[in-house]
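Below: the structure, in structure tokens.
The values are calculated or read from the model by the stated rules, or taken from the named source; none is laboratory data. Quick caveat: nothing in here was measured; it's all calculated off a predicted structure. Every residue, glycine as well, gets a Cβ built from its backbone with ideal geometry; the counts of neighbours run over all protein chains shown. Accessible surface areas use protein heavy atoms only, side chains included; no ligands, DNA or RNA. Shrake-Rupley method; radii C 1.70, N 1.55, O 1.52, S 1.80 Å.
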Amino acid sequence: MMNEKQRLESQQVQTANPSDKKSVKDYSKYFETVYTAPSLKEAKKRGKEEVKYHKDFNIPEEFHGMGNGRKFYIRTYGCQMNEHDTEVMAGIFLGLGYEHTESVEDANVILLNTCAIRENAENKVFGELGHLKHLKKENPDLLIGVCGCMSQEESVVNKILKTYNQVDMIFGTHNIHRLPNILQEAYMSKEMVIEVWSKEGDVIENLPKVRRGNIKAWVNIMYGCDKFCTYCIVPYTRGKERSRRPEDIIQEVRQLAAQGYQEITLLGQNVNAYGKDFEDMKYGLGDLMDEMRKIDIPRVRFTTSHPRDFDDHLIEVLAKGGNLVEHIHLPVQSGSTDVLKIMARKYTREQYLELVRKIKAAIPEATFTTDIIVGYPNETEEQFEETISLYREVGFEAAYTFIYSPREGTPAAKMVDNVPMEVKKERLQRLNAIVNELSAEAMKKYKGQTVEVLVEGESKNNPEILAGYTRKNKLVNFKGPKTAIGKIVSVKVTDAKTWSLNGEMVEELDAVEVKQ
Ligand code: SAH
Ligand code: SF4
Ligand code: F3S
């Protein structure tokens, strides 16, 4: 474990000159011996240090005006957590005086907020870095930065140092609040600035946020993950579980409600572990959701749930309904107890089914969606078929499905794998056919029914049509007046497709009336 001095040292901005090969080599040696970041090995450690809460984030005065006359662009990859981090970084940029732009050509700072979950996610980022190189030639004052989960991997940092010298700065998921300092350093040094802390520690409150849209909002309730599923990089890139204090979350949601937001999604990698790290009280996701019910906002969701920590109190609270929606995203990953064991998911097929039964008994209206990985190392045909049978048994209405992708540094990456890629691809296709079949079936049931839709805007393909989502997260396209955007309306479903519903607006519902 790091002592305070090492921790402070590891938190200093470090620079390296990527055009100087010798310096790169020396630099990485320096990194391994003196600094602990970025290091997946270090990131794996779970210390007993108390989580510190900083309630008073402010952009230091010396940085005010840094962005005057400059524009920023952020491209986001990966999950909602990253999307939300982008909103925080956008808030910091605006606080520094930068303007937002949607065009890389127009930008003075380009950030790629990256995802490390699968190899193809990483390849997209490397591809994009390649595309951006010419901009750097045209505009030498441009700053290009890489942040997000890939920055936490030493292999990525080394690859960027070696091959992508168009990059000016790399910073990690624990360093977002340090963006002003990092930018300043990048302007001053004109060498690659790297600031990646492998050890998280603190929860920073009062971060500025520029939310995308004013209808739906994400609210972090916890950071990190301690589950260490054997395939997954997230516990290494996001650090240990740290929960925000309930009062800070409640205050943020109340403010969003007062601003007119209609839907909140509470975010965490493993929201069911919310509160487990509090030493001074027993407080869990069920307690938090009970508070959310009392807030005057039409819909509250949460993601992502881990089946293992989904407790009875939470089910009891969700069953009270109101603004707590009856859609649960509950990643199962596999239907085979043996595979689940190798994945270290810490539940069996039977336990998962039992949990679903319990939720359905308490909330008969509940619908389920899930995440599934196919082609886990040595997955047999029978084990894969168990996933298919579980999928049907639960009656999932949608799923994110993935082919297993080895992630360097995780235990699964070291496993010998006898499943050829063609077999994995074929399994994914078979599974997706069933996912489509069950989604189409679920959609058909809505035909003729009237559903409650939160209208988000014009449909992507046709500006004459409006689009929104039901409480159960079904996409609905319908004819209606533009004044309905941002409101909850009643829509009669006239047609059901595999992934969406078509309909006609019946009436506008008063948001207060909808909340029972
Ligand atoms: N915290 C969330 C998952 C975040 S990652 C949870 O536990 O549910 C989102 C999904 O990506 C996972 O549910 C899993 O299905 C998939 N995934 C994670 N690591 C993967 C890997 N190495 N290969 C393929 N899919 C992976
Ligand atoms: Fe990854 Fe498992 Fe944590 Fe989800 S619970 S983020 S899959 S380690
Ligand atoms: Fe990707 Fe990091 Fe999210 S790896 S899925 S962006 S937590």
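Being within 30 Å of Gln152 (Cβ to Cβ), more than 16 Å from ligand 2 (Cβ to nearest atom) and part of a loop (DSSP other than H, G, I, E, B) is the filter here, so list the residues in region 378-414 that pass it.
If the condition is that a residue be within 30 Å of Gln152 (Cβ to Cβ), more than 16 Å from ligand 2 (Cβ to nearest atom) and part of a loop (DSSP other than H, G, I, E, B), then Asn378, Glu379 are the ones that fit.
Could you figure out which of (1) aliphatic (A, V, I, L, M); (2) out of contact with any strand residue (DSSP E or B) (no Cβ under 8 Å at 6 or more places or on another chain); (3) surrounded by 22 or more Cβ atoms within 10 Å (Cβ to Cβ) isn't true of Met188?
Met188 satisfies every listed condition except (3).
Here is a check on your reading of the model: is Gln255 free of Cβ contacts under 8 Å to residues at least 12 places away in the same chain and open to solvent by 10 Å² or more (accessible area, probe 1.4 Å)?
yes
If you scan region 95-120, which residues turn out to be assigned to a loop (DSSP other than H, G, I, E, B) and either modelled with pLDDT under 95 or surrounded by 13 or more Cβ atoms within 10 Å (Cβ to Cβ) (or both)?
Leu96, Gly97, Tyr98, Thr101, Ala107, Asn108, Cys115, Ala116, Ile117, Arg118
Tally the residues that are part of a helix (DSSP H, G or I) and away from ligand 3 (no atom under 12 Å from the Cβ), restricting the search to region 121-152.
Qualifying residue count, region 121-152: 14.
So how many residues does region 271-301 have that are of a type in the set (D, E, K, R) and buried (at least 20 other Cβ atoms within 10 Å of the Cβ)?
Adding up the residues that qualify gives 2.
Quick one: count up the residues across region 258-270 that are crowded, with 19+ Cβ neighbours inside 10 Å and away from ligand 3 (no atom under 16 Å from the Cβ).
4
If Gly375 satisfies every condition in (1) in contact with a Lys or Arg (Cβ under 7 Å, 6 or more places away or on another chain); (2) within 16 Å of ligand 3 (Cβ to nearest atom) but one, which is the exception?
The number of the failed condition is (2).
Could you grab me the full set of residues in region 85-94 that are open to solvent by less than 40 Å² (accessible area, probe 1.4 Å) and not charged (D, E, K, R)?
Thr86, Val88, Met89, Ala90, Gly91, Ile92, Phe93 - these are the residues of region 85-94 that are open to solvent by less than 40 Å² (accessible area, probe 1.4 Å) and not charged (D, E, K, R).
Within 16 Å of ligand 2 (Cβ to nearest atom) and either at pLDDT 95 or above or open to solvent by 10 Å² or more (accessible area, probe 1.4 Å) (or both): is that true of Ile144 in this structure?
no
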